[in-house]
Structures are given as C-alpha cells and as structure tokens.
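The values are calculated or read from the model by the stated rules, or taken from the named source; none is laboratory data. Note that the coordinates shown come from a computational prediction; the quantities given were computed from them, not determined experimentally. All Cβ positions, even for glycine, are placed from backbone atoms using ideal geometry, and neighbour counts span all protein chains on display. Please note that ligands, DNA and RNA were not included when accessible areas were found on the heavy atoms of the full protein model with its side chains. Shrake-Rupley method; radii C 1.70, N 1.55, O 1.52, S 1.80 Å.
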Amino acid sequence: MRRLGDELGYEAMSLYRHVANKDDLLDGMLDLVLTEWRPPDGRGEWTVAIRTSALSVHDALRRHRWAAQLLMSGSHLRPARLHYMDSLLASLREAGFGADTTYHVYHLLDGYIFGFTLWEIAYTTIPLDDEAVTRLMRSIPWDEYPDLSGHKDQHLVDGSHREANAFEVGLDLILEGLEKTLAA
C-alpha cells in the first residue's frame, strides 16, 4: 500500500479512506477485470456461446496478466467469477450433457482457458535478447530431436501456421470433440 501511495502521490494511510486493505483493493481490481468476461448466456448454439465466453476470458486475462493466478488462488472468489462458473455449467447442462460429463467438461474448459492463458503469458513475458536466444539455440542438440527441430524451424518462417491463433485452434478442437460426444 505504501508503494501504491508513493506511485499515486498520496500517503498510504489516505488510501484506507477508499479501501479497507490490500485484499479489498485487489478484489476491486478483479471486479473490473471480470466485467470484461462474457459468461455464456444460454441463447443460441451452445458451442458459439461457450466459444465467445472463452475468448472473452482469455483476452481479458491476457490484458491483465496479474489476474489469472489471483483468480485461481481461491482467496479472491468474486461474485462475477461465480456467475461465470454457474453460467458455464448451465450452458453445458442445457446442451444435454449429463451431470458427470458436465462436471468433467467444466473442468476441462476452465483448465484449458486458464492453463493456456498462463502458458501464453509466461512465454510472452520472458525477456530474451538476441544473445540469450543464440545461447539457447546452441545448447540444444537438434539432431537428437528431429521433430522439435522441425517445430523450431516453423517458428522462424512465415506460413499458414502463423495465421491461426493457437488458443482458438485448441478451443475449437475441444468444442468439436464435445459436439461429437454429445451426438453419440
């Protein structure tokens, strides 16, 4: 709170006129992030609603990189997060999934959204300069890992793989699999 006060040009104690403590401040910040989420609304095609919702959560968490871990901690369970969870569960149930499948699919989707987002944040915030990249590339015996070598080469060239968003590709694969499961 002292650093925040310094950054804002106020005494730390004056902040307590507006928030009770650091957790209260974080909860307010999380509430603002959660306003960017679009819970599935139960109207229209369930896959479209869940896809739209998942993209909104992923995008908001990428914009506010600090929020994902805090939301997952369990110590900052906000009403809007609970509403999102309930809406996702309702969408799955209304789509026709049974209770046990809904249980697993909910965790699959939530885990994918948060897990992929955290992975993406980690890889896009690593400060690598050219020298560090060169050292890394030299440290790997590429001839022992031919498939990894081919994957590395894809990172270095343009192509159709660059036109796709990896989060969306994975989400679409999950949703397509769920549609097939539901139809079976």
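Observations on the structure shown:
- Toward the positive end of the charge dipole of the range 63-157, with +1 on the Cβ of Lys and Arg and -1 on the Cβ of Asp and Glu, the farthest Cα among 150, 137, 108 is that of 108.
- Here the dipole of the range 93-179 is about 220 debye; that uses its Cα centre as origin and unit charges on the Cβ of Lys and Arg (positive) and Asp and Glu (negative).
- Counting only Cβ charges, +1 for Lys and Arg and -1 for Asp and Glu, the dipole size of the range 30-115 around its Cα centre is about 260 debye.
- Whole-Hz ³J(HN,Hα) from phi, Karplus 6.51 cos²θ - 1.76 cosθ + 1.60, for the range 169-180, glycine and proline x: 4, x, 4, 5, 5, 4, 5, 5, x, 5, 4, 5
- Count Lys and Arg as plus one, Asp and Glu as minus one, and take only other residues whose Cβ is under 14 Å from that of residue 149; the net charge is then -2.
- Scalar couplings 3J(HN,Hα) for the range 117-134, obtained by applying the Karplus form with A = 6.51, B = -1.76, C = 1.60 to θ = phi - 60°, are 4, 5, 4, 5, 4, 4, 6, 9, 10, 6, x, 10, 8, 4, 5, 5, 5, 4 Hz; x denotes Gly and Pro.
- Protection proxy ranking of 128-137, 82-91 - average other beta-carbon atoms within 10 Å, highest first: 82-91, 128-137
- The range 91-146: C-alpha pair distances exceeding 20 Å, %: 57 percent
- Estimated FRET transfer efficiency when R0 is 41 angstrom, pair residue 154-residue 181 (beta carbons, to 0.05): 0.85
- Model label points for residue 122 and residue 32, set 7 angstrom from Cα along the Cα-to-Cβ axis, are 2.8 nm apart.
- At R0 = 41 Å, FRET efficiency that the Cβ-Cβ distance of residue 145 and residue 110 yields, to 0.05: 0.80
- Normalised contact order of the chain, rounded percent, pairs of Cα under 8 Å and 6 or more residues apart: 19 percent
- The magnitude of the dipole of the chain, with charges of +1 and -1 set on the Cβ of Lys/Arg and Asp/Glu and taken from the Cα centre, is near 520 debye.
- The chain, Rg to Rh (Cα coordinates; Rh as Kirkwood inverse mean 1/r): 1.07
- Think of it as helices only: each DSSP H run of n ≥ 4 in the chain is worth -39500 (n - 2.57), and spread over all residues that comes to -22500 deg cm²/dmol at 222 nm.
- Of the solvent-accessible surface of the chain, computed with a 1.4 Å probe and all protein chains present, 54% belongs to carbon and sulfur.
- Å² per residue, accessible surface of the range 20-150 at 1.4 Å: 60 Å²
- Cα→Cβ-extended label distance, 7 Å offset, between residue 137 and residue 165, nm: 2.9 nm
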